[in-house]
Amino acid sequence: ASCGYVAASEEFIYATHSCEHITSLTHDGTEVAKYQDPDKGIAYPVLAPGGLLFCSLFIDEDDNTQDEIVALDAQTLQPRHRFGLSLLNEVCGMAVVGEELFVCDTGNDRLQVFSLAGEHRRSITGEWKRPLTLCFVKDRLYLLEEADDDEDEEGELINPLQGGRIFVLSLQGDILQVYTHPVEGQVFSHGLCCFDGKLLAPVRDRHSNRFENVVALCGV
């Protein structure tokens, strides 16, 4: 994780700053509270019922086995509890579904599911690899993979589909549908959200790494 991430409620905006700390701001930009872990960086904030804000904690990009999750008080940003150490390898996007937290355990090619109190419930694997982003809409999870740009000796992509698909999952992890981006060389970038009844997914060019457009999928 190397840039800023944002979550928002009706009351506050939560923003990480270079993944060093997280602050809560009123909608007019007034800082209310701040949290910084003494040993780890912080990223991927997501709000949950009961006044909790979940964030991932990490040491650096070279040792993702030390990743874990901290639950902060959404009002004060004081830590409530932390969990997931030794169960996670490179935490990316997270989504709250009812009383459970779904976590992209990217380095292990799986989703980890915890209670909001931090109890590990189950692991979910599937045809997808390196889950990057999750979005929960109407009893469905939408999952993006991290693109794989590795090539073989002849310069051909080893996993050309990876990163160009959106998986629609049940809450049990069953694949209900797969949407594949129709343009060769374009893959989905980090970020997935639902707005005005559409699922929005940013797209980048695989070769130039340049942002191209946003795909809007209806029927979510």
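List of remarks:
- Any hit, the range 42-60, residues being touching a residue at least 12 places away in the same chain (Cβ under 8 Å), open to solvent by 30 Å² or more (accessible area, probe 1.4 Å), in a strand (DSSP E or B) and under 26 Å from PHE167 (Cα atoms): yes
- Residue among GLU31, GLU68, GLU10, GLU20 that alone is open to solvent by 20 Å² or more (accessible area, probe 1.4 Å), touching a Ser or Thr at 6+ places or on another chain (Cβ under 8 Å) and charged (D, E, K, R): GLU31
- Test result for SER24, within 19 Å of CYS135 (Cα to Cα) and in a strand (DSSP E or B): no
- Residue satisfying condition, being part of a strand (DSSP E or B), in contact with a Leu (Cβ under 7 Å, 6 or more places away or on another chain), at pLDDT 90 or above and open to solvent by 20 Å² or more (accessible area, probe 1.4 Å), within set LEU176, LEU171: LEU176
- Taking the criterion of being out of contact with any Cys (no Cβ under 9 Å at 6 or more places or on another chain) and not in a strand (DSSP E or B), the residues of the range 115-134 that qualify are LEU116, ALA117, GLY118, GLU119, THR125, GLY126, GLU127, TRP128, LYS129.
- The set of residues from the range 59-84 being hydrophobic (A, V, I, L, M, F, W, C) and at pLDDT 95 or above comprises ILE69, VAL70, ALA71, LEU72, ALA74, LEU77, PHE83.
- Verdict on GLU154 being over 19 Å from LEU47 (Cα atoms), touching a helix residue (DSSP H, G or I) at 6+ places or on another chain (Cβ under 9 Å) and open to solvent by 20 Å² or more (accessible area, probe 1.4 Å): no
- Of all residue pairs spaced 6 or more apart or on separate chains, those with beta-carbon atoms under 6 Å, a first member in the range 141-158 that is over 30 Å from ASP174 (Cβ atoms) and a second member that is part of a strand (DSSP E or B) are GLU151/LEU157.
- Positions within the range 68-89 being without any contact (Cβ under 8 Å) to a residue 40 or more places away in the chain and either within 19 Å of ARG122 (Cβ to Cβ) or in contact with a Pro (Cβ under 9 Å, 6 or more places away or on another chain) (or both), in sequence order: GLU68, VAL70, ASP73, PHE83, GLY84, LEU85, SER86, LEU87, LEU88, ASN89
- Residues being touching a residue at least 12 places away in the same chain (Cβ under 8 Å) and assigned to a strand (DSSP E or B) - total across the range 179-208: 15
- Qualifying residue in the range 136-148 (condition: among the acidic types (Asp, Glu), farther than 18 Å from LEU101 by Cα and part of a strand (DSSP E or B)): yes
The values are calculated or read from the model by the stated rules, or taken from the named source; none is laboratory data. Bear in mind that the values here come from a model prediction, so they are computed numbers and not experimental data. Heads up, the Cβs are rebuilt from the backbone with ideal geometry, glycines too, and the neighbour counts pull from every protein chain shown. All accessible areas refer to the heavy atoms of the entire protein, side chains included, with ligands and DNA or RNA removed. Shrake-Rupley method; radii C 1.70, N 1.55, O 1.52, S 1.80 Å.
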